[in-house]
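Undergrad: Have a look at the structure that comes next, please.
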Amino acid sequence: MPFSAADTSAWLVQTKLHPPLVRSDTIARPRLEEELRRSVCTLPFTLLSAPAGYGKTTMLANLPRLLPDLPLAWVTLDEEDNDPVRFVGLLATALGRLQPDVGRSAWPYLQGGNVDGAALKRAVGALIGDLVIHLPEPFMLVLDDLHFVTEPAVFVALEYLLDHQPPQMHLAVGTRHDPPLRLARMAARRQLAELRRPDLGFSPAEAHLLLNDTLGLSLTEGEVTALQERTEGWPAGLCLLAGPLGRMGTHADRTQFMAAIVHTERYALDFLAEEVLRNLPDDIRLFLMRTAILPEMTPSLCRVVTGREDAGDVLEGLYRQNLTIASITGEVEGEPVYRHHALFARLLARQLERELPGEVVELHRRAAGAQRTPGRAIAHFLAAGLWEEAAQLMISSGMMLLHRGMAETVRSWYNALPASVRAAHPRLTTIIGRCEIHRGDYGAAGELLEQARAAFVAAGDEAGEGETLASLITLTMQNGDPLARASLVARAMQLPLGPLARVAALLGRAWLSVAEGAWAAVREDVAEALAIPRTSGNRQADLIGITYMRAPLAAVPGCMEITERYCAEAGALAPPDTAWRLAADELSVWVLLWQGRLDDALARAEAAEELRQRLGGYPFAGNDLPTQQTMLYAARGDWAGVEQAADRLMRRFWTAPRNDRAMHCHAAGRALTWLGRYPEAHAMLERLLDVPDHLPFKAYYCDHLTGMLALAEGRLADASAPLTRAAAVEAGLPIAAVAGSARVLRARLFLEEGRAEEARAAAAAMLREWEQAGTPGCALMDGPVGAPVLRLAQAAGTQAAAAQAATAQAPGRPQAPPALAEPLTPREADVLKLLVAGRTNRQIGEELYITEETVKTHVVRILRKLDVTSRTQAAVRGRELGY
């Protein structure tokens, strides 16, 4: 089944987002609580750093009581969170519980498994932006058990968050040792509050409250002092020793026990385990040891692991008796959730290994079978050395987790397996190869996939070879290697492919045919590929169909109708709020736009963008939406909408699949040109020139954008050559439906050169061509730059629907500009307001966060649009120079 990035059920245990419940008999520590409350209210970062059993979690869990009006986001970390993508995803999920819009901007940067520091900083930066916009009031973020995280990339992200922390946010961290953050610098800047072992240890008075008032042991003052000094105020040690003391019936026994504590070096984990467990009933001892393997305990899970039907009653009794059991939260899925105190869990695990070593493997096997998340189940299999079971579950769930951005998690599982087990499972190697594709390491991906392919070939497993070839074809789609793709597709077509692999092979071959201009072959392969999910009954194949079926392929003559039917079918079957549905809607927007159904296209694009934000982003779906919206908003004269969509395009450039970057870079440059933001458009053109792309589209994108920019800036001589080249390519390539028409721009050039009849004839020919193809919406692709010449053709009597689309207006909306965006853009309006207020160019740039050169460009455009006289222009320039 398809999945969404926001659906965290497959990888996130929801109890990690809840603070544990604080026991009603917890010792009040007013001095420490006041210090914690004050630090949260006055400093950006509070660190609780002490060994296990010092009450760090309990103190942090008291924050909702200490500061009831301050919203709290909580994350309990564990070994599974040692993955930078997962870690930042946890932050986004936890903070999103405070306000649903928080984190939506960050999710797109987390897709595809990008784990380099730059990508993580962009994700954290987007998260910070969401916090500034959507959570302007003070709030807390608590990260408990940070010591489980050791991955340096995680601390890159956390350091970036601290460096750019919004003022309304306070971060509190609980850890057993200091994290690798620049704590000394923060302390010197008075940004850090620290509560450490001496602060968290019990004082003699607090030890008295615990041992006598709460636990009712009636110890003498000397005995309490001896315990407090010997344990150095260690709360967990005092609690553990209270059990044996409470069960001793005579004063002589207590005196002997106290003497042993004070005068022997046996005060260690073995001693505590022996003393705590020695007098418990055997069935309770066994229950505690057998559940020691569980990071969280529910009655149903403990029933499976221990075989006790009364597991719920046992857990409740242990909690009431304070026997090292903590309640994590109220209820999850109708059950209470508990866990062993961290220290005692270690003691129990050691005792389990000593007393019941023969049961350990079976206990983990039972626990794995009862887990709701594959990650927990795999962890149990790995802990028990059940390598085969772990490998099989990795194979069945690895791709799902991979598409959720958990590449590092999947890789860590793979590396935990013995080399012999990895070699015996080439399908697992294929998944790890896909991990490397998602991480952008195409060299490593190629090696792993070829290794898996060789293993399948050696075993005579043609089905497995076909699956690996599908991944290798995907690799060539990402790195732009058509020669390798041709070889792989040819081999794949000789094999008995499964539905997913066959869709990949057919659409991979279709892309090769596009490069050759073999339209009939393209139509045939597209039609067969998109029918496979329906005819095979395997809708998983839609994942391949949706992600390979990009706009340039759908624009091939005859493919638009196939695409329209496929989107309707796939969209109807897709569950709501899934990436499957998003991808189908995104592709259908292209079809609606080409057909000239602008209102339907805009409504669907806006709904799809809302869905994309709700899902939190996805690596291979929704990336075209800003491109579509720039054209649709421009057709409606909504220049603020165009500007917002253009900004989204520039942000998403970094997270788009590599093979789509040329299209997105071109689309951003085109929209910026419409808006008059020429320096930024030139920057996008430079970036476009650096994008590797071996298809003819790359050359067309570059020439089309170069010509459009030259036209918009009035450099007619510079526009001629690139537009002539692009027009020749366009005649044999259905690219105008995606990138705009070089022939229309060339007609606009004729118009500017005074060759009106040539301009009209060329534009009229294009309008008739689009009319015959059923794609009148293609007239919109060049926006306000192409609109004047299309209007000329319409005024001269061309009645095609494409001409009407080019000049269409929605009721109640402002008319689109008649030429080169004659109305001021929103950015130009901002500049003009500041000019009128007397600001210099430098001051305007500082206020609007743009360069001084960009301000000058805006000023020139404003003066031209407002038809300002040369004398006024000279006065403005004189003011710029300080005259």
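Undergrad: Filter the range 67-110 down to the residues that are among the charged types (D, E, K, R) and in contact with a Phe, Trp or Tyr (Cβ under 6 Å, 6 or more places away or on another chain), then identify the one that is least open to solvent (accessible area, probe 1.4 Å). Don't jump to the end; show me each part of the working.
TA: Applying the first criterion (among the charged types (D, E, K, R)) to the range 67-110 yields 69, 78-81, 83, 86, 97, 101, 104.
In the following step, the residues that additionally are in contact with a Phe, Trp or Tyr (Cβ under 6 Å, 6 or more places away or on another chain) were identified as 78-79, 81.
On the way: ASP78: 24, GLU79: 124, ASP81: 0 Å².
Ranking the qualifying residues of the range 67-110, first place goes to ASP81.
Undergrad: Also: Only residues in the range 697-726 that are among the basic types (Lys, Arg) count as the first member; pair them with residues that are assigned to a helix (DSSP H, G or I) and open to solvent by 10 Å² or more (accessible area, probe 1.4 Å), Cβ under 6 angstrom, at least 6 apart or cross-chain, and list the lot.
TA: Listed by first residue and then by second, the contacts come to ARG725/ASP703.
Undergrad: Also, quick follow-up: From the residues in the range 621-673 that are of a type outside the set (Gly, Ala, Ser), under 21 Å from MET549 (Cα atoms) and not in a helix (DSSP H, G or I), which one is modelled with the highest pLDDT?
TA: Among those that are of a type outside the set (Gly, Ala, Ser), under 21 Å from MET549 (Cα atoms) and not in a helix (DSSP H, G or I), it is ASP624.
Undergrad: With the requirement that a residue be at pLDDT 90 or above and open to solvent by less than 40 Å² (accessible area, probe 1.4 Å), what does the range 340-362 give you?
TA: LEU352, LEU356, VAL360
Undergrad: Sort out for me the helices (runs of 4 or more DSSP H) sitting completely within the range 543-597 that have 2 or more residues that are among the β-branched types (Val, Ile, Thr) and either buried (at least 23 other Cβ atoms within 10 Å of the Cβ) or under 21 Å from the mean Cα position of the chain (by Cα) (or both).
TA: Details: elements: 551-554, 559-573, 579-594.
Helices (runs of 4 or more DSSP H) meeting the threshold: 579-594.
Residue-wise test of (1) open to solvent by less than 10 Å² (accessible area, probe 1.4 Å); (2) farther than 17 Å from ALA551 by Cα; (3) not in a helix (DSSP H, G or I).
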| position | (1), (2), (3) |
| --- | --- |
| ILE473 | yes, yes, no |
| MET477 | no, no, no |
| GLN494 | no, yes, yes |
| LEU507 | yes, no, no |
| LEU512 | no, no, no |
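Undergrad: Return only the number of the condition from (1) under 23 Å from ASP213 (Cβ atoms); (2) part of a helix (DSSP H, G or I); (3) basic (Lys, Arg) that ARG23 does not satisfy.
TA: (2)
Undergrad: Now for a different question. State which residue pairs qualify: first residue among the aromatic types (Phe, Trp, Tyr) and inside the range 664-685, second residue open to solvent by 10 Å² or more (accessible area, probe 1.4 Å) and not in a helix (DSSP H, G or I) in any location, beta carbons under 8 Å apart, and separation of 6 or more residues or different chains.
TA: Pairs that qualify, where the first residue is among the aromatic types (Phe, Trp, Tyr) and the partner is open to solvent by 10 Å² or more (accessible area, probe 1.4 Å) and not in a helix (DSSP H, G or I), are TYR678/GLU713.
Undergrad: Here is a check on your reading of the model: is ALA531 under 35 Å from the mean Cα position of the chain (by Cα) and either hydroxyl-bearing (Ser, Thr, Tyr) or open to solvent by 10 Å² or more (accessible area, probe 1.4 Å) (or both)?
TA: Working: under 35 Å from the mean Cα position of the chain (by Cα): yes; either hydroxyl-bearing (Ser, Thr, Tyr) or open to solvent by 10 Å² or more (accessible area, probe 1.4 Å) (or both): yes.
Considered against the rule, which asks whether it is under 35 Å from the mean Cα position of the chain (by Cα) and either hydroxyl-bearing (Ser, Thr, Tyr) or open to solvent by 10 Å² or more (accessible area, probe 1.4 Å) (or both), ALA531 comes out as yes.
Undergrad: Can you name every residue in the range 753-790 that is charged (D, E, K, R) and buried (at least 17 other Cβ atoms within 10 Å of the Cβ)?
TA: ARG760, GLU771, ASP782
Undergrad: Restricting attention to the range 483-492, which residues are closer than 20 Å to ILE546 by Cα, open to solvent by 10 Å² or more (accessible area, probe 1.4 Å) and at pLDDT 85 or above?
TA: Within the range 483-492, none qualify.
Undergrad: Mind checking which residues of the range 763-783 are within 21 Å of ARG636 (Cα to Cα) and of a type in the set (S, T, N, Q)?
TA: Correct list: THR775 only.
Undergrad: Restricting attention to the range 428-435, does a residue exist that is touching a Leu at 6+ places or on another chain (Cβ under 6 Å), over 21 Å from THR547 (Cα atoms) and part of a helix (DSSP H, G or I)?
TA: For the range 428-435, residues touching a Leu at 6+ places or on another chain (Cβ under 6 Å), over 21 Å from THR547 (Cα atoms) and part of a helix (DSSP H, G or I): present.
Undergrad: Is it fair to say ALA486 is in contact with a Leu (Cβ under 6 Å, 6 or more places away or on another chain), in contact (Cβ under 8 Å) with a residue 24 or more places away in the chain and not in a loop (DSSP other than H, G, I, E, B)?
TA: Answer is yes for this residue.
Undergrad: Out of all the residues in the range 725-733, is one or more touching an Asp or Glu at 6+ places or on another chain (Cβ under 7 Å), at pLDDT 90 or above, of a type outside the set (Asp, Glu) and open to solvent by less than 10 Å² (accessible area, probe 1.4 Å)?
TA: Within the range 725-733, one or more residues are touching an Asp or Glu at 6+ places or on another chain (Cβ under 7 Å), at pLDDT 90 or above, of a type outside the set (Asp, Glu) and open to solvent by less than 10 Å² (accessible area, probe 1.4 Å).
Undergrad: Suppose we filter the range 622-653 for residues that are surrounded by fewer than 24 Cβ atoms within 10 Å (Cβ to Cβ) and of a type in the set (Val, Ile, Thr); how many remain?
TA: Residues in the range 622-653 being surrounded by fewer than 24 Cβ atoms within 10 Å (Cβ to Cβ) and of a type in the set (Val, Ile, Thr): 0 in total.
Undergrad: With respect to the numbered conditions (1) of a type outside the set (Asp, Glu); (2) open to solvent by less than 50 Å² (accessible area, probe 1.4 Å); (3) part of a helix (DSSP H, G or I), which one is the sole condition not fulfilled by ASN538?
TA: So the condition that ASN538 fails would be (3).
Undergrad: Next question, about the same structure. For residues in the range 393-431 being over 27 Å from ALA92 (Cβ atoms) and among the polar types (S, T, N, Q), which is surrounded by the most Cβ atoms within 10 Å (Cβ to Cβ)?
TA: Our first condition is that a residue be over 27 Å from ALA92 (Cβ atoms); within the range 393-431, this holds for 395, 417-430.
Among the residues that remain, those that are also among the polar types (S, T, N, Q) are: 420, 429-430.
Values: SER420: 8, THR429: 24, THR430: 27.
Filtering first and then ranking leaves THR430.
Residues checked against (1) over 22 Å from MET289 (Cα atoms); (2) in a helix (DSSP H, G or I); (3) modelled with pLDDT of 70 or more:
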residue: HIS208; (1), (2), (3): yes, yes, yes
residue: LEU211; (1), (2), (3): yes, yes, yes
residue: LEU238; (1), (2), (3): no, yes, yes
residue: GLY249; (1), (2), (3): yes, no, no
residue: GLU274; (1), (2), (3): no, yes, no
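The values are calculated or read from the model by the stated rules, or taken from the named source; none is laboratory data. None of these values were measured; they are calculated from a predicted model. When we count neighbours, we look across all protein chains shown, and the Cβ atoms used for this are built from the backbone with ideal geometry, even at glycine. SASA here: full protein model, heavy atoms, side chains in, ligands and nucleic acids out. Shrake-Rupley method; radii C 1.70, N 1.55, O 1.52, S 1.80 Å.
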